Amino acid sequence: MIATVIRTAAAAGLGGMAGLLGGLFGVGGGFLVIPLLGFFYGMDQQTAQGTALMMVVPNVVWAFSRYQRRFSVDVRMAATIAGSALIATYPTARFATGLDPHVLRLAFAVFLATIAVTVAYCLRRGNVGVATGPTRAWGWTTVVGLIGGVFSGLFGVGGAFVAPPLLTAFFGLRQLEAQGLALALVSPSALLALLAYAGAGRVDWLVGLPLALGGIAAISTGVAFASRLPERRMRLAFCGLLLITAVLLAARG
């Protein structure tokens, strides 16, 4: 009984930390939770991803509502990017549940490290994504949604990382606007991914529920902090967090 209470409380605390970071960076927080579920709960990669999605689904919906309220996310672009992501998410998630956990974990680590290096390179060249308007028609966000949907299905959380760099580089959006649209991409696709992982028996519901409750409790605080941080500093912090997570994943071998 005591062990169950400790396990539940730890999951809620982990969810709260992930929710804070998810609100700050416009992601569901699963990227940090996934390796920690492996370390502390002994989950394989697919089960960790599926369980993290229980937290990600309510987190991204709530975070998107907060971003929309604070930063006026373009609803037309949000609908386009979310709808196109749905096409790719479910079949990719079903494919991911059958992959070797070791290969999937290392692929996830490489993916996170690549995103971090790419964003850091853009910062070094002085491209921080601040522009006066889109440089491509909004319909092109369909491509962003498809790419994000593939990574969301494969890794459970990938779409939120892919979308902001693409939206700032090719559509001239500010980082906070791009993060809001990334949440729109992830919101419906995360639900489909969760259904795919659950159908394959890759979700620990007893851990996932307190994760979700902790995340919801902290998400608004993270969004509030996001509006106060300078864009360059926020991106550098994001890069650092991605690299730390990649190292944790790779360390499990």
Completion exercise
Of ARG174, ARG70, ordered by accessible area with the largest first and a 1.4 Å probe, the sequence is ARG70, ARG174
Exercise for the section: With a 1.4 Å probe and every protein chain left in place, tell me how much accessible area VAL5 has, in Å² to the nearest 10. Expected result: 80 Å²
Practice task
Counting helices only, and only those DSSP H runs with n ≥ 4, report the 222 nm mean residue ellipticity of the chain as the sum of -39,500 (n - 2.57) divided by its residues, in deg cm²/dmol to the nearest 500.
Solution key: -28000 deg cm²/dmol
Exercise for the section: Based on the mean of other Cβ atoms within 10 Å per residue, sort peptides 140-152, 210-222, 179-191 so the most packed one is first. Expected result: 179-191, 140-152, 210-222
Practice task
Specify the angular offset, from 0 to 90 degrees and rounded to the nearest 10, of the alpha carbon long axis of helix 175-199 from the longest principal axis of the alpha carbons in the chain.
Solution key: 30 degrees
Problem - Heavy-atom accessible surface of the range 1-143: percent carbon and sulfur, 1.4 Å - result: 68 percent
Fill in the blank from the handout: Here the equivalent ellipsoid of the chain, derived from its Cα gyration tensor, has semi-axes (largest first, whole Å) of 27, 19, 17
Handout entry: Between 0 and 90°, nearest 10: helix 205-226 axis offset from the chain longest Cα axis
Key = 30 degrees
Fill in the blank from the handout: When every protein chain stays in place and a 1.4 Å probe is rolled, ARG7, ARG69, ARG124 sorted by accessible area with the largest first are ARG124, ARG69, ARG7
Exercise for the section: Express in nm, to one decimal, how much length is gained between VAL5 and HIS102 on full extension, taking 0.36 nm for each residue of separation and deducting their alpha carbon distance. Expected result: 31.9 nm
Problem - Accessible surface of TYR41 - all protein chains present, 1.4 Å probe, nearest 10 Å² - result: 40 Å²
Handout entry: Residue-normalised accessible area of the chain, expressed per residue, 1.4 Å probe, Å²
Key = 41 Å²
Fill in the blank from the handout: If one compares the long axis through the Cα atoms of helix 231-251 with the longest principal axis of the Cα atoms of the chain, the angle in degrees, nearest 10, works out at 30 degrees
Exercise for the section: Leaving ligands, DNA and RNA out of it, work out the accessible area of LEU24 with a 1.4 Å probe and give it in Å² to the nearest 10. Expected result: 30 Å²
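The values are calculated or read from the model by the stated rules, or taken from the named source; none is laboratory data. Note that the structure is predicted; figures quoted are calculated from it, not measured. Please note: Cβ atoms are built from the backbone with ideal geometry, for glycine as well, and neighbour counts cover all protein chains shown. Side chains are part of the model used for accessible areas, which takes the heavy atoms of the whole protein and leaves out ligands, DNA and RNA. Shrake-Rupley method; radii C 1.70, N 1.55, O 1.52, S 1.80 Å.
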